[in-house]
Amino acid sequence: MNRRAFIFTAVTGLALFTVLQFKSSHNKINIKAAASIKKLEYSDDFWRNALSSNQYAILRKGATEPRYSSKYTEFNEAGSYHCIGCNLELFTSDMKYDSKTGWPSFMDHLRGHLEVYTDFRTILPSMAYSCAQCGGHHGHLIMDGPLPTGQRWCSNGQTLEFRPA
């Protein structure tokens, strides 16, 4: 196979893989905000002043913190994890597990407190999630977590605030 044919095959294969992944029923998860959640809408200037530069980059612009940089990666105290932007409770400590990925990970979430959307900023489209109240980006939902959910809510620790039980 010549170089041109190889490149065409590789690009075509990647495109087909992307389309199949995107269309897979395994990846179609419809998680929406609870009707009781009141959406908060603040200006960009508000968020810039309310958050640190790293928190702003992650929560408002969808950035990702470096692996193993979060104080919550290997943190195991009893309590709950809240959105740093609006204080909405997102996870409890019994939902947390060590995914060995370098980010705080949870096998479940508080129903109605998160929303899932497709993130096209990655090489392949992926499922990202945001706070249902302030709309802040928190991380990605990957379907390789432990049973019974099979979910890994891979979080940026800088977007979370822990509150002890």
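The values are calculated or read from the model by the stated rules, or taken from the named source; none is laboratory data. As the structure is a prediction and not an experimental result, all values here were calculated from the model. Virtual Cβ from ideal backbone geometry, glycine too; neighbours counted across all protein chains shown.
Only one residue in 142, 123 is over 22 Å from residue 54 (Cα atoms), in contact with a Cys (Cβ under 9 Å, 6 or more places away or on another chain) and hydrophobic (A, V, I, L, M, F, W, C). Which one?
142
For residue 97, all conditions in the list (1) free of Cβ contacts under 8 Å to residues at least 40 places away in the same chain; (2) more than 30 Å from residue 49 (Cβ to Cβ); (3) among the hydroxyl-bearing types (Ser, Thr, Tyr) hold save one; what is the number of the exception?
(1)
Quick test of your reading of the structure: residue 84 fulfils all but one of (1) modelled with pLDDT under 95; (2) within 19 Å of residue 33 (Cα to Cα). Name the failing condition by number.
(1)
Residues in segment 29-65 that are charged (D, E, K, R) and either surrounded by 15 or more Cβ atoms within 10 Å (Cβ to Cβ) or not in a helix (DSSP H, G or I) (or both): how many?
6
Quick one: count up the residues across segment 102-134 that are within 21 Å of residue 70 (Cβ to Cβ), at pLDDT 95 or above and not in a strand (DSSP E or B).
9
When both residues are 6+ apart or on different chains and their Cβ atoms are under 9 Å apart, which pairs have a first residue that lies in segment 115-138 and is more than 23 Å from residue 37 (Cα to Cα) and in the same structural domain as residue 47 (by TED's automatic domain parsing), and a second that is surrounded by 15 or more Cβ atoms within 10 Å (Cβ to Cβ) and among the charged types (D, E, K, R)?
Short answer, once both residue conditions are applied: 125/119; 126/119.
Identify all residues within segment 75-111 that are exposed (fewer than 15 other Cβ atoms within 10 Å of the Cβ) and under 14 Å from the mean Cα position of the chain (by Cα); write none if there are none.
101
Kindly establish whether residue 162 is among the aromatic types (Phe, Trp, Tyr) and within 22 Å of residue 53 (Cα to Cα).
Considered against the rule, which asks whether it is among the aromatic types (Phe, Trp, Tyr) and within 22 Å of residue 53 (Cα to Cα), residue 162 comes out as yes.
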